[in-house]
1. If I go through region 103-143 residue by residue, how many of them are surrounded by 22 or more Cβ atoms within 10 Å (Cβ to Cβ), among the small types (Gly, Ala, Ser) and farther than 20 Å from PRO56 by Cα?
2. Say we look at region 170-198 and pick out the residues that are among the polar types (S, T, N, Q) and modelled with pLDDT of 70 or more; which of these is farthest from GLU210 (Cα to Cα)?
3. Across region 48-75, what is the total count of residues that are touching a residue at least 60 places away in the same chain (Cβ under 8 Å) and more than 17 Å from GLY119 (Cα to Cα)?
4. Which ones in region 213-255 are buried (at least 21 other Cβ atoms within 10 Å of the Cβ) and basic (Lys, Arg)?
5. Among the numbered conditions (1) surrounded by fewer than 17 Cβ atoms within 10 Å (Cβ to Cβ); (2) modelled with pLDDT of 90 or more, tell me where PRO92 comes up short.
6. Out of TYR196, TYR221, TYR129, TYR214, I need the residue that is of a type in the set (Phe, Trp, Tyr), over 24 Å from HIS73 (Cβ atoms) and under 23 Å from the mean Cα position of the chain (by Cα). Which one?
7. Within region 46-64, which residues are touching a helix residue (DSSP H, G or I) at 6+ places or on another chain (Cβ under 8 Å) and outside any loop (DSSP other than H, G, I, E, B)?
8. Scan region 118-139 and give yes if some residue there is over 20 Å from GLU52 (Cα atoms) and modelled with pLDDT of 95 or more, otherwise no.
Amino acid sequence: MQLLKFDWNPVTGIDIIGNFKIHFYSLMWVTAFVIGWYIMKRIFTKEKVSLEYLDPLFIYTVLSTMIGARLGHVIFYQSELISQDFFSIFLPFKFKGGFEFTGFQGLASHGAAIGIIIGMYLYRRKYNYKSILWILDRIVIPVASGAIFIRIGNFINSEIIGKITDSSLGVRFIQDQYYKNEIMQRTGINDVKQAYQAVTNNPKFHSLLEAVPYRHPAQLYESFCYIFVFLILLYFYVKTEKRNQTGFLFGLFLVLLWTVRFFVEFVKEAQVDDRATWALNTGQWLSIPFVLLGLYFMFVYKPKNVVK
């Protein structure tokens, strides 16, 4: 089964000019939002909701997702940015150690989930045509589909990598193991892309490659599981009457997605080093409240009134 093992050393984007680059990770986000818009359009059409509410919903969703994901990452995983590189929190640039366009990197799914809930609350206050749970019950379907593409983007970027493994599913993340300056220094090649390619293609540098361990492709595990989260939500919405049980689909989404996240974390490298010795890592502790909240909406919550 060694055929399943491979080295991962991709081109992560398209150079435009200077330090400006279109990252494939960013394109995955765009793909997620475009497909999500299409899914919600089908839902609105199916339920005879005016499409005039769709574009504002899309804008609220995009902004709340990106702001929530970014702030979540900073608060939960990289709080030092607040004092060390404050403007990089809100802008797609790195200022510390030299100005560089980075795109919007460092996004946390827990923060995105909180951001979406807050965003839908604000959206509902302005566009009062359905209850907030009606909106959440349906927005989780495109959100689940979007999660598939976001994790593929993480894989392209060689980020959120898995723990070292000797299984047949191991991947060597070349670009994660060696940072840019180190690769260029060790190879003597002053161009980052050429240096990365030399590590894998030139026998002269194969000794560098041999030091890179195989790791679980945790991003692909998670992306694959989210396909089933999306399909299960779609099934309950299309084929059952559970779509009419207020809060059920929202709760089901929380239980499924964060259960997947909880278990995949066992094969991920800890993102917060000082908590790596805990029985559970930060991602798992943050997932538990979402699962409990989901169970509440699935089995306990009873709406006092329904806004038509």
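The values are calculated or read from the model by the stated rules, or taken from the named source; none is laboratory data. Remember, predicted model here, so these are calculated numbers, not experimental data. Note: ideal-geometry Cβ built from the backbone for every residue, glycine included; neighbour counts use all protein chains shown.
1. 3
2. The first filter runs over region 170-198 and keeps only residues among the polar types (S, T, N, Q), leaving 175, 177, 181, 185, 187, 190, 194, 197.
Now restrict to residues that are modelled with pLDDT of 70 or more: 175, 185, 187, 190, 194, 197.
Numbers: GLN175: 14, GLN185: 17, THR187: 14, ASN190: 22, GLN194: 18, GLN197: 15 Å.
Selected residue: ASN190.
3. Qualifying residue count, region 48-75: 2.
4. Across region 213-255, the qualifying residue is only ARG215.
5. Of everything listed in (1) surrounded by fewer than 17 Cβ atoms within 10 Å (Cβ to Cβ); (2) modelled with pLDDT of 90 or more, PRO92 misses just condition (2).
6. Selected residue: TYR214, the only one of TYR196, TYR221, TYR129, TYR214 that is of a type in the set (Phe, Trp, Tyr), over 24 Å from HIS73 (Cβ atoms) and under 23 Å from the mean Cα position of the chain (by Cα).
7. LEU51, TYR53, LEU54, PRO56, LEU57, PHE58, TYR60, THR61, VAL62, LEU63, SER64
8. Taking every residue of region 118-139 in turn, at least one turns out to be over 20 Å from GLU52 (Cα atoms) and modelled with pLDDT of 95 or more.
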